[in-house]
Amino acid sequence: MPTSPQTPFNILYFSAEIVPYARTGGLAQVAGSLPRALRQLGDDIRVILPRYGHIDPQALGFRRIIDTFAVPFENETETAGLWQAPDADLPIYFIEHERLFGSRQGIYSYPDDAERFIFYCRASLEAMRHLQWQPHILHTNEWQTAIIANWLRSIYADDPLYRETAVVYTIHNLSYQGIFGHRVLEVAGLASQGFIAHPDVSPSLNQVVSLMGRGIIFADIITTVSPTYAREILTPDFGEGLDPILRDRQHRLFGILNGIDTALYDPATDTTIPATYDADDLAARSQCKSMLQAEMGLKVAAEVPVISLSSRLHEHKGYDILMPVLEPLLQHIDAQWVIMGVGDQRYHDHLNYLHERYPRRLALRLTYADDLRRRIISGSDIFLMPSRHEPCGLDQLIAMRYGAVPVVHATGGLADTVLDHNPPATGSGFSFRPYDSMALFAAVVRAVTLYRQPAIWHQIQQSAMRQDVSWTQPAQQYHQLYRRAYSLKNTGRPA
Ligand code: GLC
């Protein structure tokens, strides 16, 4: 295998989700676009995931590329198959297993999720033998694929196919760690290794298996999705109990911002919005706004700012600090609100109550749909994203590209991507801290006040729209980190 940084690498990208085939969150968008950007830099990167029951291989034109192959699993041997999607510019493989995946419609939340994802990981590694394709890098994501780093340092350590292969492990959100009991080790063939105790980790976490913890301990390189989040997770406030392990592995931890697919999310060509526009000519944007106001049953009025939110209705997305001030904001600020999302019942109830009281000021869509999200973003003036924690966040990037000025809590990727408007320098949005209702209230007032100064507002909008939110730079960084990981694994030194 090559060691020169110029040589193309073979990279297998493990993700439980990818657009358009399987999606619940940001990971699906990243998996659908980062590998494509990396292929443009010359590496042969391929994606692999399970064939969930809702994915119909015949209808989607999948090709069966391995009929059946053997997979060691729980001291026995199971049989899997391999499909490939018809995508021309990115090989996407799907592991076939009827009982664990094919017979289930959903992606997660089955009682045997640990078994399911461990099987998918093991089958993926075995499938490459049959394709005779040797990866330099296994790029693993989230708890579902974290066991792979552990295996490459144990049962696969001397395997000729994987001896030199390095593992990159990406944390998208530390709050979902994949915590299971001892049995998961038996399933993974690692029972003899037992629990891994760390002196500074709380006893309760030392007596369970945190799959994410293992990914962090055994990967050659660990990444997360923004530089600020990479620093935050080293502290007890953000570390979810794993901060002592992360501090030990700090020298291997890197924060790389996500990008978005700028061809897919482009207000100049987007056919799902009422009118197209770009940073040089924003005139048509007013049509998007009036259409949105009409669609939402709000008064069609150019001068009234439209403030939108589109996220899960969860406490950690900032609903806990928004709710106490939403009614005062509706009463005292001349603005219209559009809120889309699904989540906790208490927020549904509270929002419904407010909508009944202020039907001309607050429109609700308690649902999630990508087209609707684009219409909302292209038609609103201000996009609010007050997340308590946000590893990266993608919606603020889409909002910026579409000229909806973001108002964000300065945390994680929100802090790294939204440049607070701080005259005389023009920002690309507004950010606030600390994380509380008053700071949020003040930031919204600040944004609405500047909205009433069209010349300045226009500049803020343009600087948001012109910010580079593409994958170009992040892909370069991953490209280099792959070389570093490979070199660390094989020479003990960074490339
Ligand atoms: C997770 C994070 C989000 C990030 C996304 C993609 O959903 O919570 O901040 O943007 O992963 O990395």
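Taking the highest mean first, how do the peptides 90-99, 374-383 order by number of other beta carbon atoms within 10 angstrom per residue?
Averaged packing, sorted descending, gives the order 374-383, 90-99.
Any chance you could run the full-extension gain for Gln250 through His458? It's 0.36 nm times the residue separation minus the Cα-Cα distance, nm to one decimal.
The span from Gln250 to His458 would gain 70.8 nm if fully extended.
With angles folded into 0 to 90 degrees, how steeply does helix 454-466 sit against the dominant principal axis of the chain? Use alpha carbons for both and round to 10.
10
Treat every Asp and Glu Cβ in the chain as -1 and every Lys and Arg Cβ as +1, leave all other atoms uncharged, and give the resulting dipole magnitude about the Cα centre to the nearest 20 debye.
500
If the chain between Asp344 and Leu282 were fully stretched, how many nm would it gain, using 0.36 nm times the residue separation less the Cα-Cα distance?
Residue separation times 0.36 nm, minus the Cα-Cα distance, leaves 18.7 nm.
Separation between the Asp159 and Asp370 pseudo-spin-labels, each 7 Å from Cα along Cα→Cβ, expressed in nm?
It works out to 3.3 nm between the two label points.
Classify the stretch 285-465: rounded, prolate or oblate, from the alpha-carbon gyration tensor (a ≥ b ≥ c, eigenvalue square roots; a/c under 1.5 rounded; otherwise prolate if a/b is larger than b/c)?
Rounded, because the longest to shortest axis ratio a/c is under 1.5.
If one takes the longest principal axis of the Cα atoms in the chain, at what angle in degrees, from 0 to 90 and to the nearest 10, does the Cα axis of helix 113-131 lie?
The helix 113-131 is inclined about 60 degrees to the chain.
Once label points are set 7 Å from the Cα along Cα→Cβ at both Arg357 and Phe195, what is their separation, rounded to one decimal in nm?
It works out to 4.8 nm between the two label points.
Which distance in nm do the two modelled labels at Arg493 and Gln476 give, with both placed 7 Å along the Cα-to-Cβ direction?
Using points 7 Å along Cα→Cβ, the separation is 2.5 nm.
Let's test the formula: R0 of 35 Å, r as the Cβ-Cβ distance of Asp334 and Ala268. What FRET efficiency results, to the nearest 0.05?
0.70
Work the Kirkwood hydrodynamic radius out for the stretch 328-391: mean of 1/r over every pair of different alpha-carbon atoms, inverted, in Å.
Hydrodynamic radius (Kirkwood, Cα only) of the stretch 328-391 equals 13.0 Å.
Would you tally the net charge around Arg484, using a Cβ to Cβ cut-off of less than 13 Å, leaving Arg484 out, and scoring K and R as +1, D and E as -1?
+3
For Lys317, give me every one of the aspartates and glutamates with a C-alpha distance below 19 angstrom, ignoring sequence neighbours fewer than eight places off in its own chain.
The reachable aspartates and glutamates, counting only those whose Cα sits under 19 Å from Lys317, are Glu232, Asp237, Glu240, Glu327, Asp344, Asp349, Asp370, Glu390, Asp395, Asp416, Asp436.
Using a Förster distance of 30 angstrom, determine the FRET efficiency expected from the C-beta separation of Arg446 and Glu303, and round it to 0.05.
0.95
How high is the relative contact order of the chain? Use alpha-carbon pairs under 8 Å, at least six apart in sequence, and give a whole percent.
13
Using all Cα-Cα distances in the chain, what percent lands in each 20 angstrom bin from 0 up to the longest?
The calculated distribution, bin by bin, is 23, 52, 24, 1.
Could you give each residue of the stretch 33-45 its phi-based ³J(HN,Hα) in whole Hz, using Karplus coefficients 6.51, -1.76, 1.60 with θ = phi - 60°, and x for Gly or Pro?
10, 4, x, 5, 5, 5, 4, 5, 8, x, 6, 8, 9
Mind ranking 438-446, 207-215 by how tightly packed they are, going by the mean number of other C-beta atoms within 10 angstrom, highest first?
Per-residue mean Cβ counts within 10 Å order the peptides as 207-215, 438-446.
Can you give the helix-only mean residue ellipticity at 222 nm for the chain, where every DSSP H stretch with n ≥ 4 adds -39500 (n - 2.57) and the sum goes over all residues, rounded to the nearest 500 deg cm²/dmol?
Using -39500 (n - 2.57) per qualifying helix, the result is -10500 deg cm²/dmol.
Please give the length that would be gained between Val19 and Asp468 if that part of the chain were fully extended, namely 0.36 nm times their separation in residues minus their C-alpha to C-alpha distance (nm, one decimal).
Result: 159.4 nm gained on full extension.
Mind checking the angle between helix 345-357 and the chain's longest principal axis? C-alpha axes, 0 to 90 degrees, to the nearest 10.
20
Read-outs throughout are calculated quantities, based only on the coordinates presented, and are distinct from any laboratory measurement. What you see is a predicted model; the values in this text were computed from it and never measured. Quick reminder, even Gly has a Cβ in these numbers, built from the backbone with ideal geometry, and neighbours come from all protein chains shown.
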